[in-house]
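Reading through the structure tokens given below for one structure.
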Amino acid sequence: MIISQAVEYSLRAMVMLTQSFEEPVTVQAMAARGQIPAAYLSKLLQGLTRARLVTAQRGVGGGYTLTRPPSQITLADVVNAVEPLQRIKKCPLGIAGHATLCPLHRKLDEAMATIEAAFQATTLDDLGKDTGGPVPLCSTEPIVAINLKMKLPAVNASRG
């Protein structure tokens with residue numbers, strides 16, 4: 001896998017926050033919607049807060065919000081805040097005679113450069129505009145609307 005689970009979860013949370021740009025979303029709501037362990041998500045959101053991508057609001061009605069519009073936050077911003085992609089700058093085997101990268105490591109680094117460029121060119125807003133494919137766990141539907149669509153169990157009227 002190119003990205004870690006921590007990066008994947010962080011990207012899911014950031015996508016969910018795009019729909020509630022000015023309204024705080026709780027860790028519990030994001031964890032449930034994105035199928036992310038709440039304690040782990042809380043830790044990841046602390047890192048995103050330190051990176052100034054999200055801000056936390058405490059108390060009733062609190063939660064997390066983006067610090068700037070989704071059109072101004074790239075996937076690279078999120079990835080670099082959590083776990084930056086590792087480019088290959090020198091021989092990973094530590095061979096002294098390899099002043100330049102061998103063909104294998106050069107190709108691997110070129111692939112990482114392509115991924116890095118794609119992340120830099122894609123904003124959170126771009127993801128919300130992509131209508132191809134199935135709706136992801138971190139759907140761009142507002143979290144509030146998602147909760148309203150949940151079916152409640154039928155109440156047994158025969159109980160006295």
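Data for the structure
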| item | result |
| --- | --- |
| In the range 54-80, the residues that are assigned to a loop (DSSP other than H, G, I, E, B) and either in contact with a Gly (Cβ under 9 Å, 6 or more places away or on another chain) or among the β-branched types (Val, Ile, Thr) (or both) | 60, 67, 73 |
| Residue list for the range 81-131, restricted to those being surrounded by 13 or more Cβ atoms within 10 Å (Cβ to Cβ), charged (D, E, K, R) and not in a helix (DSSP H, G or I) | 83 |
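Results for (1) exposed (fewer than 14 other Cβ atoms within 10 Å of the Cβ); (2) at positive phi, shown as yes or no for each residue.
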| position | (1), (2) |
| --- | --- |
| 5 | yes, no |
| 13 | no, no |
| 16 | no, no |
| 20 | no, no |
| 29 | no, no |
| 42 | no, no |
| 52 | yes, yes |
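Residue-wise test of (1) more than 16 Å from residue 4 (Cβ to Cβ); (2) touching a Ser or Thr at 6+ places or on another chain (Cβ under 9 Å).
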site: 46; (1), (2): yes, no
site: 62; (1), (2): yes, yes
site: 74; (1), (2): yes, yes
site: 97; (1), (2): yes, no
site: 112; (1), (2): no, no
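Since every read-out is calculated from the coordinates, none of them should be taken as a lab result. Small disclaimer: the values here were computed from a predicted structure and weren't measured. Reconstructed Cβ throughout: ideal geometry from the backbone, glycine too, with neighbour counts over all protein chains shown.
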